[in-house]
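Shown next, in structure tokens, is the structure this report addresses.
The values are calculated or read from the model by the stated rules, or taken from the named source; none is laboratory data. Source: prediction; values computed, not measured. Cβ coordinates were reconstructed from backbone atoms using ideal geometry, including for glycine residues, and neighbour counts include every protein chain displayed. What goes into the accessible areas is simple: the full protein's heavy atoms, side chains included, and nothing from ligands, DNA or RNA. Shrake-Rupley method; radii C 1.70, N 1.55, O 1.52, S 1.80 Å.
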Amino acid sequence: QVQLVESGGGLVQPGGSLRLSCAASGSILSIYAIGWYRQASGKQRELVATITSSSSTNYADSVKGRFTISRDNAKNTVWLQSHSLKPEDTAVYYCNLKFPGDEVWGQGTLVTVSS
């Protein structure tokens, strides 16, 4: 019964910033990692960033230096802070939680980068 809810998406101008959140609820035990993925219209879903239970992080080359993933265990929330946004960052962003034997996806939040 674990659920993930993304929020924080919206319309921003190129070069702007946006902070996305992924809030988890339910009985969460022994998570492996939480990742942010994105899917642009007509394209495959791709990995953006991940953070493990030990706070190790990884980023796609396309967002390195511009995006930062972080977590707040007390609030069961993972954040994705983005800067210097580009039109090619436009996509629906999803969070994903991996735990022993399964994974859970959120519904997604739309980020549109346009002037």
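A search for C-beta distances below 9 Å between a residue of region 1-14 that is closer than 10 Å to Gln107 by Cα and open to solvent by 90 Å² or more (accessible area, probe 1.4 Å) and any residue that is at pLDDT 95 or above and not in a strand (DSSP E or B), counting only pairs 6+ apart in sequence or on different chains, returns Gln3/Gly106. For region 16-49, filtered to residues that are within 14 Å of Thr90 (Cβ to Cβ) and of a type in the set (Gly, Ala, Ser), the residue that is most open to solvent (accessible area, probe 1.4 Å) is Ser41.
Scanning region 93-115 for residues that are out of contact with any Phe, Trp or Tyr (no Cβ under 9 Å at 6 or more places or on another chain) and open to solvent by less than 70 Å² (accessible area, probe 1.4 Å) yields a count of 4.
Among the residues of region 1-39 satisfying the criterion of being of a type in the set (Val, Ile, Thr) and in a loop (DSSP other than H, G, I, E, B), which is nearest to Thr68 (Cα to Cα)? The residue in question is Ile31. For region 40-115, give me every one of the strands (runs of 3 or more DSSP E) that falls completely inside it and has 2 or more residues that are under 14 Å from the mean Cα position of the chain (by Cα) and over 19 Å from Ala23 (Cβ atoms). Strands (runs of 3 or more DSSP E) meeting the threshold: 46-52, 57-59. Considering only region 81-99, I want to know if a residue exists there that is modelled with pLDDT of 95 or more, more than 18 Å from Val12 (Cα to Cα) and small (Gly, Ala, Ser). Scanning region 81-99, I find no residue that is modelled with pLDDT of 95 or more, more than 18 Å from Val12 (Cα to Cα) and small (Gly, Ala, Ser), so the answer is no. Might you check whether a residue that is surrounded by 15 or more Cβ atoms within 10 Å (Cβ to Cβ) and without any contact (Cβ under 8 Å) to a residue 24 or more places away in the chain occurs anywhere in region 68-78? For region 68-78, residues surrounded by 15 or more Cβ atoms within 10 Å (Cβ to Cβ) and without any contact (Cβ under 8 Å) to a residue 24 or more places away in the chain: present.
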